[in-house]
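The values are calculated or read from the model by the stated rules, or taken from the named source; none is laboratory data. What you see is a predicted model, and the numbers here were worked out from it, not measured in a lab. Backbone-built Cβ (ideal geometry, glycine too); neighbour counts: all protein chains shown. Each accessible area value is taken on the protein alone, full model and side chains, heavy atoms only, with ligands, DNA and RNA left out. Shrake-Rupley method; radii C 1.70, N 1.55, O 1.52, S 1.80 Å.
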Amino acid sequence: IIQANTAHDIGDTAQQIRENLTDTTTLITPEFMIRRYLQTFHPGLLADLGPLPDLTAAGKNIPWPAAAITALSKKLEKLSREQGAAISAKEWSRYLDKSVPTDREKFFRLAFSLKMDTQQTLDLLLAYGMEPYSVRYPLDMICLFCQKIGGTYTWAQAEQMLSDFMARRTRQEAGAAAATADGSTMMQSDLNALFEANLQGSNAQKAL
């Protein structure tokens, strides 16, 4: 702690304070979080991109070369296709720069493509200024279930589960019960019980 405080000591002069506040390498931005996540959990994707600043060790928000971003985006496009998410290389380039997903579904496509778990996804949601998971949203509920352990389900599977739910909901809409004040707590409790039951594969999907 002492070393960290010393390294980031802003001093007591106006010049020192200004330099610290305008130092972009100390900002935790979404694109920095994605690049650091890739370096930590998918180092194989970066193997042939040349030397890159180590964001995991230094903790500094240092940009990567444009050529590396372009090459990495093509790899991520392929990875997202394997997950059924279909995010283009051009879109990945924007996410690795300073662009923001335009809606919640696009965000979850990104998280599934990178095989993020719930905590990693939550950190990125908050970094993008989006709401955290809400069990009252069918999409969020399904993603929360699928991402409990990152990489367990693909985006294509999550999308199919949402489609199945929407079809079932439409059929049962006429007799739907009124919303209750404690509905979120009950749904979260049910989901936690499902996790604790440690059901596998199709049994877990059926229970959800």
Residue in the stretch 44-64 that is of a type outside the set (A, V, I, L, M), under 13 Å from the mean Cα position of the chain (by Cα) and surrounded by 12 or more Cβ atoms within 10 Å (Cβ to Cβ) present:
no
Any residue in the stretch 133-157 that's under 16 Å from Gly183 (Cα atoms) and open to solvent by less than 10 Å² (accessible area, probe 1.4 Å): show its pairings with residues that are assigned to a loop (DSSP other than H, G, I, E, B) and at pLDDT 90 or above at Cβ separation under 8 Å, as long as the two are six or more apart or on different chains.
Asp140/Tyr133
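Results for (1) under 18 Å from Met33 (Cα atoms); (2) open to solvent by 70 Å² or more (accessible area, probe 1.4 Å), shown as yes or no for each residue.
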position: Leu72; (1), (2): yes, no
position: Leu76; (1), (2): yes, no
position: Arg81; (1), (2): no, yes
position: Ala85; (1), (2): no, no
position: Glu91; (1), (2): yes, no
position: Arg94; (1), (2): yes, yes
position: Asp97; (1), (2): yes, yes
position: Phe108; (1), (2): yes, no
Got a sec? Which of Leu126, Leu76 is among the aliphatic types (A, V, I, L, M) and closer than 22 Å to Leu27 by Cα?
Leu126
Filter pass, Lys115 being surrounded by fewer than 17 Cβ atoms within 10 Å (Cβ to Cβ) and either farther than 17 Å from Thr29 by Cβ or not small (Gly, Ala, Ser) (or both):
no
All conditions in (1) aliphatic (A, V, I, L, M); (2) within 27 Å of Tyr153 (Cα to Cα); (3) assigned to a loop (DSSP other than H, G, I, E, B) are true of Leu124 except (3)
Flag for Asp123 being free of Cβ contacts under 8 Å to residues at least 12 places away in the same chain and either open to solvent by 40 Å² or more (accessible area, probe 1.4 Å) or over 19 Å from Arg36 (Cα atoms) (or both):
no
